[in-house]
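J.: Supplied in C-alpha cells, the structure appears directly below.
The values are calculated or read from the model by the stated rules, or taken from the named source; none is laboratory data. All values reported here derive from a predicted model rather than from experimental measurement. FYI the Cβ positions are ideal-geometry reconstructions off the backbone, even for glycines, and counts take in every protein chain you see.
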Amino acid sequence: MVDRISGKLLDQETLARRVARGEAPDWVADHWCSFRDGLLGERNGSPFPCYFGIESVKNGEPLYAVVPSLTDKDALLDLGRVLGEYLDSWQEYSETASLVTFFKPPETELSEADYHEHLWHILQFLHVHDPEPWPEEIPTDPDDPYWEFSFAGEPIFPTCRAPFYETRKSRYCPIGLEITFQPRALFETLDVTADTEKGQHAREVIQDRLEDYDGVCPHADIGDWGVDGDREWPQYLLSADDDQAPDDCPIAVSREHPKSRRLIDDGEPVASI
C-alpha cells in the first residue's frame with residue numbers, strides 16, 4: 001500500500017527513501033529520477049547549466065511537493081498550503097533550498113498550449129487563494145519589468161520543465177509538468193541578482209553552459225528581473241512554438257487579500273494519492 005505523500009513538504013532524503021522503498025507512486029518515482037538525472041548528468045559533454053542547482057541537489061538541499069492533479073481544486077489547495085509552509089521555513093533547511101513540485105502526468109498527451117494554460121491556471125489559483133496581500137514593492141502589471149509572481153507576501157521565480165521541449169533539454173521533463181519555486185530572497189542570498197558583479201558573471205557562465213548543453217542558442221525571452229525590455233513571466237515556461245505560447249500574461253493580479261479564506265480556515269490536507 002502506498003502511503004499518502006501529497007500535501008506534504010518533503011526533504012530530498014525523505015523523497016528519495018520513499019521512492020527507493022516503493023512507497024511512492026510510479027509517476028512520483030519517474031519525476032524524481034528525471035529531475036535528479038537531469039541535474040546531475042551531462043548532455044553534449046556539458047553539465048546542467050545551473051551550477052547552483054547541481055550543488056544544491058548534490059547536497060540534498062531542495063524541498064519537494066507532489067501534486068496529484070493539474071486542475072483539481074483540493075490538490076491545488078494542498079499545493080498552496082505546502083508552498084506557504086515552504087516560504088515560512090526554507091531557510092531552516094538551507095539558504096539555497098528551492099521547492100521542486102512534481103505534477104501527476106495527464107492521462108492523454110497535452111500540447112504545448114495546454115501546458116501554458118495549466119501553468120497559468122495553477123498560478124492564478126494560488127493568487128486567488130493567497131492568504132497575504134500582494135507585496136507593496138511588486139507591481140500588479142505583468143508588463144512591468146519589476147513584476148514577479150508572489151505568494152504569501154514573497155516574490156517568487158517559478159521555473160518549469162515540461163515534455164514538449166524537443167531540443168531545449170535543460171527544460172525537458174518527459175513525465176509531465178514540473179515547477180521549481182525560488183524566492184527572490186534566495187537569489188539575494190546567493191548574491192546573483194542582475195545588479196551585482198557576481199550575478200552578471202553567474203549569468204554569463206550559465207548562458208555559455210546552456211548553449212553547450214542544449215545545442216541551441218539561449219532562448220530570446222531569457223532576461224533579468226527589473227531590466228528595461230525584459231519580462232519575467234515568459235521565462236517561467238519558455239516557448240518552443242511561438243504560435244502556442246500566450247502573447248500576454250494570462251493572470252489577473254490585485255493587491256486585495258484574502259480573496260478566499262480556504263488556506264486560512266482549512267488546516268488539513270484534502271487531496272490524496
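J.: Pairs under 8 Å by beta carbon, first residue closer than 20 Å to Val100 by Cβ in segment 67-78, partner among the polar types (S, T, N, Q), six or more apart or different chains?
T.: From segment 67-78, the pairs are Val67/Ser6; Val67/Thr101; Pro68/Ser6; Pro68/Ser272; Ala75/Ser6; Ala75/Ser69; Leu76/Ser69; Asp78/Ser6.
J.: Is it true that some residue in segment 22-34 is touching a Cys at 6+ places or on another chain (Cβ under 6 Å) and closer than 30 Å to Glu211 by Cα?
T.: yes
J.: Within segment 143-176, restricting attention to residues that are at pLDDT below 95 and of a type in the set (S, T, N, Q), which residue is farthest from Leu119 (Cα to Cα)?
T.: Thr167
J.: So which residues in segment 82-104 are closer than 18 Å to Leu263 by Cβ and among the hydrophobic types (A, V, I, L, M, F, W, C)?
T.: Val82, Leu83, Leu87, Trp90, Leu99
J.: Hey, any hits in segment 189-196 for a residue that's modelled with pLDDT under 95, touching a Ser or Thr at 6+ places or on another chain (Cβ under 8 Å) and closer than 18 Å to Ser98 by Cα?
T.: yes
J.: Wholly within segment 94-193, which strands (runs of 3 or more DSSP E) include no fewer than the required count, namely at least 2 residues that are polar (S, T, N, Q)?
T.: Filter on segment 94-193 gives 178-183.
J.: Right, here's the next one. In segment 78-90, is there at least one residue being more than 21 Å from Val128 (Cα to Cα) and either touching a strand residue (DSSP E or B) at 6+ places or on another chain (Cβ under 9 Å) or part of a loop (DSSP other than H, G, I, E, B) (or both)?
T.: yes
J.: Separate question: Could you go through segment 221-232 and let me know if any residue there is modelled with pLDDT of 90 or more and within 23 Å of Tyr51 (Cα to Cα).
T.: There is at least one residue in segment 221-232 that is modelled with pLDDT of 90 or more and within 23 Å of Tyr51 (Cα to Cα).
Yes or no, residue by residue, for (1) closer than 27 Å to His219 by Cα; (2) at pLDDT 95 or above; (3) of a type in the set (Gly, Ala, Ser); (4) in a loop (DSSP other than H, G, I, E, B):
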{"position": "Val2", "(1), (2), (3), (4)": "no, no, no, yes"}
{"position": "Ser6", "(1), (2), (3), (4)": "no, no, yes, yes"}
{"position": "Ala24", "(1), (2), (3), (4)": "no, yes, yes, yes"}
{"position": "Val28", "(1), (2), (3), (4)": "no, yes, no, no"}
{"position": "Ser34", "(1), (2), (3), (4)": "yes, yes, yes, no"}
{"position": "Glu61", "(1), (2), (3), (4)": "no, yes, no, yes"}
{"position": "Ala65", "(1), (2), (3), (4)": "no, yes, yes, no"}
